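Read the structure below first, then the notes.
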Amino acid sequence: FLRAQQNLRYVLVDIPPGLAIVQRYLTEQFPERKTFRFRHFDSYAEVAEEFESAQIAFLTPNQLDMIPSLHADLFINVSSLHEMHREQIQHYFQMIGQHCDGYFYTKQWLRSLNPFDDLVVCRGEYPVPSAWTPVFDRVHPVQTHFFEALYSLHG
């Protein structure tokens with residue numbers, strides 16, 4: 001995406017250490033891009049100017065809760081929702097709805113067992129709001145233990 005679109009703003013949200021790895025990689029690949037590097041902040045006002053001027057930004061999920069709507073054209077989540085408790089999954093879908101004005105792409109396990117929390121998450125259990133229009137929802141053509149879906153959030 002960053003190579004294809006020079007004016008693109010790319011906001012990555014993850015937990016450490018994944019966030020540290022992607023931050024290092026992308027800042028090395030795109031040293032010319034203005035970057036908002038991950039760091040602790042208590043309020044958006046502390047970082048607003050720098051965040052808003054960045055082309056690449058790195059946040060943790062709790063920080064995504066602190067910022068105003070991104071009005072994103074595309075929100076992507078691949079193979080991480082199943083790692084969460086149901087309340088966290090519900091909250092994540094609320095954040096997607098808050099920050100995305102365009103499309104949400106997801107790719108998840110058809111059935112996932114989290115043995116540490118004894119939690120099973122199946123395809124039909126994701127709390128997709130009824131207002132989101134499916135563009136497609138299918139078993140992944142190559143990784144057949146996964147499904148992929150694209151939803152239009154603007155109807």
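The values are calculated or read from the model by the stated rules, or taken from the named source; none is laboratory data. Here the structure is a predicted model, which is why all the values come from computation and not from measurement. Every residue, glycine as well, gets a Cβ built from its backbone with ideal geometry; the counts of neighbours run over all protein chains shown. Ligands, DNA and RNA are excluded from the accessible area calculation, which covers all protein heavy atoms including side chains. Shrake-Rupley method; radii C 1.70, N 1.55, O 1.52, S 1.80 Å.
Suppose we keep only residues that are within 27 Å of TYR92 (Cβ to Cβ) and polar (S, T, N, Q) within the range 1-28. Which one would you say is modelled with the lowest pLDDT? Among residues in the range 1-28 that are within 27 Å of TYR92 (Cβ to Cβ) and polar (S, T, N, Q), the one modelled with the lowest pLDDT is GLN5. With respect to ILE89, is the statement that it is touching an Asp or Glu at 6+ places or on another chain (Cβ under 9 Å) and closer than 30 Å to ARG123 by Cβ true? Yes: the conditions hold for ILE89.
In the set GLN63, GLN23, only one residue is touching a helix residue (DSSP H, G or I) at 6+ places or on another chain (Cβ under 9 Å) and part of a helix (DSSP H, G or I); that residue is GLN63.
When the range 17-34 is limited to residues that are more than 24 Å from VAL78 (Cα to Cα) and open to solvent by 50 Å² or more (accessible area, probe 1.4 Å), the one that is nearest to the chain's Cα centre (by Cα) turns out to be LYS34. For the residues ASP14, ASP65, ASP73, ASP42, the requirement of being among the acidic types (Asp, Glu), open to solvent by 30 Å² or more (accessible area, probe 1.4 Å) and touching a Pro at 6+ places or on another chain (Cβ under 9 Å) singles out ASP14. Only a single item in (1) within 30 Å of ARG33 (Cβ to Cβ); (2) open to solvent by 50 Å² or more (accessible area, probe 1.4 Å) is not met by PHE104, and it is number (2).
In the range 35-70, the residue that is farthest from the chain's Cα centre (by Cα) out of those that are among the polar types (S, T, N, Q) and closer than 17 Å to LEU2 by Cβ is SER53. Scanning the range 45-62 for residues that are open to solvent by 30 Å² or more (accessible area, probe 1.4 Å) and without any contact (Cβ under 8 Å) to a residue 40 or more places away in the chain yields ALA45, GLU46, GLU49, GLU50, GLU52, SER53, ASN62. Checked against (1) in contact (Cβ under 8 Å) with a residue 12 or more places away in the chain; (2) over 27 Å from VAL22 (Cα atoms), ILE96 passes all but condition (2).
Among the residues making up the range 71-121, those that are assigned to a helix (DSSP H, G or I) and over 14 Å from the mean Cα position of the chain (by Cα) are ARG86, GLU87. Right, ARG37: among the basic types (Lys, Arg), touching a strand residue (DSSP E or B) at 6+ places or on another chain (Cβ under 8 Å), closer than 23 Å to LEU153 by Cβ and open to solvent by 80 Å² or more (accessible area, probe 1.4 Å) or not? Criteria not met by ARG37.
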